[in-house]
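The values are calculated or read from the model by the stated rules, or taken from the named source; none is laboratory data. Bear in mind that the values here come from a model prediction, so they are computed numbers and not experimental data. Here Cβ is always computed from backbone atoms with ideal geometry, including for glycine, and neighbour counts include all displayed protein chains. Protein only, heavy atoms only, side chains kept; ligands, DNA and RNA dropped before computing areas. Shrake-Rupley method; radii C 1.70, N 1.55, O 1.52, S 1.80 Å.
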Amino acid sequence: MRRWPAIKRYMLRHPGVARLGVVIVLFVIWEIAARWFIDPLFMSPPSSVLVSLPQMFEISGVPGALRITFWELAVAFAMSVAIGLAVGLAVGLQPFSRRSFMPIVLLLYGTPQVTILPLFILFFGIGPASKIAFGVSHGIFPIIVTIVAGVQNLKPILLTSAKSMGANRWQAFRYVIFPHMIPSFFTGMRLGMTGVLLGVLLAELYVSTAGIGYFTTLFTQNFEPDNLLGLIATLAAMAIILNELVRRAENHFARWRD
Amino acid sequence: MTGEVAIRVRDVSHHFGEEDDARHVRALLDTSIDVARGELLCLIGPSGCGKSTLLNVVGGLLEPTTGTVEVAGKPVRGPMPADIAYVFQENALFPWNTVFENVMLGMLFQGVPKAERDDRARRSLEAVGLAEFSDHYPAQLSGGMRQRAALARALSLETGILLMDEPFGALDEQTRMILGEDLSVLLSRTDKAIVFVTHSLGEAVFLADRVAVFSARPGTIKQVISVDEPHPRNPEFVTSAKFTALRNQLYSLLHDEIRKAMSESAMRGGAGHRGSVAGDSA
Ligand SMILES: Nc1ncnc2c1ncn2[C@@H]1O[C@H](COP(=O)(O)OP(=O)(O)O)[C@@H](O)[C@H]1O
Ligand SMILES: [Mg+2]
């Protein structure tokens, strides 16, 4: 009894422990449910997913499919960041272009692109190109919107002061605009990453001949929940790793805001 | 004191906005003044009378509507970082850089060779008493320390001219007193020409070699008063009869202008309101 306050204090100081606890409890519930309450055709316990993971990677085509999907994600993300940054700066840095073009961006951002997914397949084919294009169409808008918002609230005095000290346009960008928008840039990148994952995976699931969309369909139709869940877990791990990378970089760059 | 002319302002007027626009403002009217090397000129006047406008025209941040400005013998057509350094009223330090990096960055913009920057940054931070805070970010400093850092950045540029727009305007009375004293000591060692905008009568008399009193808008220099007292000025100067007399003289000059400015802005407020109603119905 006397030990409770000590445990409580420990937990308060280490929120990660509580978080880990919740994850473990969820896995235990899943394990119990899958073992005794749910038809094994539809659901496998995490233990057996884990055990059969190596064997899933042995299935011919699966490693290749994962590689293709990862590659699609990486290319779509890189393109979203590059295009989003360029468009965001072009639209955001001038009041005129902001007023003219921002409504268009917001309109497109608010439209669910799924409705035009078939068009993407039509234009870009059923290969990786359509997945990348669809991923970009999801990733680019949050990046543009956050960058526009980010450059907008720059204090004019900082640019004036840089100019008065002789900064040229490139220096003003490199040392004033860029560091100012880094926090919103990273927020945009994280949202963009989520968008890219959504877009690429949606397109994969919609139609796929080689990527993971093909195998999720295959495993679902053959009632192989071990493999299906293994594949999903691998995807989730990819998403977590990518997000974590962005978050780490963000913390590194944002150390001046204490 | 009466060295060569560093800043020559001739018949400068500045208007904001187009002639027929409702927001058209005649901020500055036919103003002329010279500032000598080694001289500190204070600008004082009712708020909105064009002091910052004049400073920004001198600094090349604003192009005058009419008139000319010469700095170090050259006509001003834009920022002249080699000749003119600024200290702004607002905190104009880059928040994502440390104090030291802020000073270094100014010199990078100005084009100081890399090898010299480090040494000059250290010296100027030393001079304003901020050496120990080199690695702090601006957010970790008090308002007074931030303005010291901004001053260090301006000093490191080693320009002949320093323009200061109410640099201590946002600080409390005690802090600005100390900063004023330190500034007087610092400046006694240089032969910079300094234009210093302030709304504090005491600050003007304490720091200035000459004080230019502005009239209400459209602003122009109404009278120039000399403060004949060598730098560095010690704190006792503030309690001297001379100080009090000068301060009183400034007060009576300003008083009328401030009343004029207030009544005019009240009238303008009314006119502006009618204007916007007409605009709505159009
Ligand atoms: N960018 C601007 N656009 C329009 N009017 C301005 C601008 N800057 C200043 N003004 C107006 O010009 C007048 C003088 O301003 P300023 O020089 O800043 O006065 P102060 O003497 O207080 O420094 C004020 O009435 C101000 O409202
Ligand atoms: Mg002003």
In the neighborhood of B:SER47, defined by Cβ-to-Cβ distances under 11 Å, what is the net charge if each Lys or Arg adds +1 and each Asp or Glu adds -1?
0
Using only Cα atoms, locate the centre of the range A:66-129 and the centre of the range A:1-31, then give the distance between them in Å, rounded to an integer.
41
Can you give the accessible area of A:SER184, probe radius 1.4 Å, in Å² rounded to 10?
30
Ordering B:181-188, B:249-256, B:205-212 by per-residue average of other C-beta atoms within 10 angstrom, highest first, gives B:205-212, B:181-188, B:249-256
For chain B, modelled as a GNM with alpha-carbon contacts under 10 angstrom, which of B:ARG26, B:ARG189, B:ARG117 fluctuates the most?
B:ARG189
Limiting things to C-alpha atoms, what are the Rg and the maximum Cα-Cα separation (Dmax) for the protein assembly as shown, in angstroms?
32.5, 101
Among A:ILE126, A:ILE147, A:ILE24, which one moves the most in a GNM of chain A with springs linking Cα atoms closer than 10 Å?
A:ILE24
10 Å Cβ neighbours from other chains, averaged over peptide A:155-161:
6
Highest GNM mean-square fluctuation, chain B, Cα pairs closer than 10 Å: which of B:GLY17, B:GLY169, B:GLY78?
B:GLY17
For the range B:10-65, listing GluC sites (Glu not before Pro) in a DSSP loop whose Cβ sees at most 11 other Cβ atoms within 10 Å gives B:GLU18, B:GLU19
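Please state the shape class of the range A:96-167: rounded when a/c is under 1.5, otherwise prolate if a/b exceeds b/c and oblate if not, all from the C-alpha gyration tensor. Mind dumping the intermediate values first?
Values: a/c = 4.15, a/b = 2.61, b/c = 1.59.
Here the range A:96-167 falls in the prolate category.
Can you give the % of DSSP beta bridges in chain B that are antiparallel, to the nearest 5?
Around 55 percent antiparallel, to the nearest 5.
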Carbon plus sulfur fraction of accessible area for the range B:91-158, probe 1.4 Å, in percent
48
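Ordering A:TYR206, B:TYR137 by accessible area with a probe of 1.4 Å, largest first, what comes out?
A:TYR206, B:TYR137
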Indicate the gyration tensor shape class of chain A (rounded, prolate or oblate), computed on the Cα atoms with a ≥ b ≥ c the square roots of the eigenvalues: a/c under 1.5 is rounded; otherwise a/b larger than b/c is prolate and the rest oblate.
oblate
Between beta-carbons, use under 12 Å as the cut-off and find the net charge around A:PHE124, counting Lys and Arg +1, Asp and Glu -1.
0
Taking the Cβ of B:ARG210 as the centre, find all other residues whose Cβ is under 11 Å away and add up their charges (Lys, Arg: +1; Asp, Glu: -1).
-4
For the range A:141-258, rounded, prolate or oblate, judged on the Cα gyration tensor with a ≥ b ≥ c (square roots of eigenvalues), a/c < 1.5 rounded, else prolate if a/b > b/c?
prolate
Given A:8-14, B:143-149, B:4-10, A:196-202, the highest-first ranking by average Cβ count within 10 Å works out to A:196-202, B:143-149, B:4-10, A:8-14
Helix check for chain A. Which DSSP H runs span at least 27 Å along their own axis by Cα, with a mean Kyte-Doolittle hydropathy no less than 1.6?
A:62-92
Here the whole-number average of other chain Cβ atoms within 10 Å per Cβ of B:88-95 is 5
Tell me which residues come under 5 Å, amide H to amide H, from B:LYS222 once H is placed; ignore anything under 5 positions away on its chain.
B:VAL213, B:PHE214, B:SER215
For the range B:91-158, with only Lys/Arg (+1) and Asp/Glu (-1) charged at the beta-carbon, what is the dipole magnitude about the Cα centre, in debye rounded to 20?
140
Inter-chain shielding metric for A:172-183, i.e. average beta-carbon neighbours from other chains within 10 angstrom, reads 2
In whole Hz and in residue order, list the ³J(HN,Hα) couplings for the range B:243-252 that follow from phi through the Karplus curve 6.51 cos²θ - 1.76 cosθ + 1.60, θ = phi - 60°; x for Gly and Pro.
4, 4, 4, 5, 4, 5, 4, 4, 4, 5
Compute the helix-to-body angle for B:99-110: its Cα long axis versus the longest principal axis of chain B, expressed 0 to 90° and rounded to tens.
70
Degrees between helix B:114-127 axis and first principal axis of chain B (Cα, 0 to 90, nearest 10)
80
Percent of Cα-Cα pairs more than 14 Å apart in the range A:1-50, please.
63
Aspartates and glutamates whose Cα lies under 17 Å from that of B:LYS74, excluding same-chain neighbours fewer than 8 positions away:
B:GLU4, B:ASP11, B:ASP34, B:GLU63, B:ASP83
Suppose accessible area is computed on protein heavy atoms with a 1.4 Å probe; arrange A:VAL25, A:VAL151, A:VAL145 from highest to lowest.
A:VAL25, A:VAL145, A:VAL151
What's the angle, to the nearest 10 degrees (0 to 90), between helix B:143-156's Cα axis and the longest principal axis of chain B?
70
Which ³J(HN,Hα) values in Hz, rounded to whole numbers, follow from the phi angles of the range B:13-18 under the Karplus curve 6.51 cos²θ - 1.76 cosθ + 1.60, where θ = phi - 60° and Gly and Pro get x?
10, 9, 10, 9, x, 7
Ratio to report: Rg/Rh of the range B:91-158, with Cα atoms as the point set and Rh obtained by the Kirkwood method; give two decimals.
0.92
Quick check: the distance between the Cα centres of the range A:163-203 and the range B:175-204, to the nearest angstrom?
41
